[in-house]
Amino acid sequence: MKKKTIPTKWNPLFDNKPTSNIPRISFSKKFSTKYLEERDQILEIGCGVGSFTHLIDRKGYFALDLDINAIKIAKKYCINTNFIVASALNLPLRSEIFDLICMWGVFEEIPMGTENQIVSEIHRTLKSKAILLLSIYGDHFITKILDLAFIFRGVRHYNLQEFRELISNYGLLIGEITVRGGLNTVISNFLVYFYKHVLKKKEGTIKNYFDKKSSEEIDSGKDGMVYIFIAARKQ
């Protein structure tokens, strides 16, 4: 039986600014660049402290998160973005308003069993032919046994085929899928939590080394096992 997910708690000592240079965020920007072109109204769901938001931060960009403390931090660094404090389960927005919606590493953090509700809300607020971009953790044995967030917080990993069906059931046509990150990325993710929660520090030689190796691994274009990136279009 899957355990209940413990929500992310933002620690002002460690989460005091966007961390836009981490490998997953950096690749999210590369993956999304071609889709962001000529998209006027964009919503980012689960922006946290603005790590991805900071890379875009432009007029017509909206970023949403449930944690007001995270939003306060993001606002300091993302001066052109419109921020919304709200739940993805019930978007306080009118229907068919956005040209693109993105969710990076958010599905695995939401309350268990609410995936359908969130995809329904996304579908409702997307315009016809608009784009959904997202990333999820892949369901792989190695990625889970070394994922401290999975072990201690219940952060979920998803089966690709099951997730494809979830998206497709709401009339979202998947156009691109890529799975990135191998063992170096698994170790890099492990060290993020180890440094933050055990060593009580943000940086270190070993962590920086594996962050670099993870970025190289993700950018290599080789099939991976850690992150699944998906681009879909509303029909």
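Read-outs: derived from the displayed coordinates by stated rules, not from any lab. Treat the numbers as computed from the prediction; the structure is a model and nothing was measured. Note that each Cβ is placed from the backbone with ideal geometry, even for glycine, and that neighbours are counted across all protein chains shown.
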In the P(r) worked out for the range 1-133, what percent of Cα pairs fall beyond 28 Å? 12
At 0.36 nm per residue, minus the direct Cα-Cα distance, what do residue 161 and residue 14 gain on full extension? Give it in nm, one decimal, please. 49.4 nm
Leading residue at positive end of dipole, the chain (Cβ point charges), from 119, 55, 69: 69
The range 1-106 - charge dipole about Cα centre, Lys and Arg +1 at Cβ, Asp and Glu -1, debye rounded to 20: 440
Any idea what diffusion coefficient the range 161-235 gets from Stokes-Einstein, in µm²/s, Kirkwood Rh on alpha carbon pairs, 20 °C, 1.002 mPa s? 152
List the equivalent ellipsoid semi-axes of the chain in whole Å, largest first, each obtained as the square root of 5λ for an eigenvalue λ of the Cα gyration tensor. 26, 21, 18
Semi-axes, largest first, in whole Å: what does sqrt of 5 times each Cα gyration tensor eigenvalue give for the range 24-99? 18, 16, 11
How long, wide and thick is the range 83-176, going by the Cα atoms along their three principal axes, in whole angstroms, largest first? 41, 30, 20
If the chain between residue 129 and residue 179 were fully stretched, how many nm would it gain, using 0.36 nm times the residue separation less the Cα-Cα distance? 15.6 nm
Which of 163, 14 has the fewest Cβ neighbours within 10 Å, and the rest in rising order: 14, 163
Using a Gaussian network for the chain with springs between C-alpha atoms less than 10 Å apart, which of these wobbles most: 94, 124, 24? 94
If you fit an axis through the alpha-carbon atoms of helix 23-36 and take the longest principal axis of the Cα set of the chain, what angle between them do you get, 0 to 90°, nearest 10? 20
Can you tell me the orientation of helix 115-125 relative to the chain, as the angle in degrees between its alpha-carbon axis and the longest Cα principal axis, to the nearest 10? 40
Non-local amide H neighbours of residue 63 (under 5 Å, H modeled in plane, Pro and chain starts lacking H): which ones? 44, 82, 83, 84
Mean separation of Cα contacts under 8 Å (at least 6 apart) over the residue count of the range 94-235, i.e. the relative contact order in percent, is 33
What list do you get for 78, 102 if you sort them by fewest beta carbons within 10 Å? 78, 102
Can you work out the Karplus-derived ³J(HN,Hα) for every residue in the range 219-235? Use 6.51 cos²θ - 1.76 cosθ + 1.60 with θ = phi - 60°, whole Hz, and x for glycine or proline. 6, 5, x, 6, 4, x, 9, 8, 10, 10, 10, 10, 10, 9, 10, 6, 7
Just to be sure I follow the rule: in the range 139-235, considering lysines 8 or more places apart or on different chains, how many pairs have Cα atoms under 21 Å apart? 14
Size of the dipole of the range 148-235 about the Cα centre, Lys and Arg at +1 and Asp and Glu at -1 on the beta carbon, nothing else charged, in debye to 20? 440
Space enclosed by the convex hull of the alpha-carbon atoms of the range 146-188, per residue, Å³: 91
Over the range 111-152 - Rg/Rh using Cα atoms and the Kirkwood inverse-distance radius: 1.13
Under a Cβ-only charge scheme (Lys and Arg +1, Asp and Glu -1), can you give me the dipole magnitude of the chain about the Cα centre, in debye to the nearest 20? 580
